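Inspection log for the structure reproduced underneath, given as structure tokens.
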Amino acid sequence: NNCKRYTLKDVCQICNEKTSIAHPPKFSPDDKYIRYRIADKYK
């Protein structure tokens, strides 16, 4: 369960869960694996 609060720390101070990176990955038109990343995002 993730509380969705913004923090720069590795662990949320509120729910003690590991936080995720706030920045999106770099986009490349030559990316061979974009199809898999998009499919994984919507699982």
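Rg and Dmax over the alpha-carbon atoms of the chain stand at 13.9, 40 Å.
With K and R counted +1 and D and E -1, the other residues having a Cβ less than 15 Å from that of residue 20 yield a net charge of +3. Placing pseudo-labels 7 Å out from each Cα toward the beta carbon at residue 38 and residue 6 gives an inter-label distance of 2.8 nm.
Every number in this text was worked out from the coordinates using simple rules, so none of it is lab data. Only a predicted model underlies this, so the values are computations on that prediction, with no experimental measurement involved. Neighbour counts run over all protein chains shown; Cβ positions are idealised from the backbone, glycine included.
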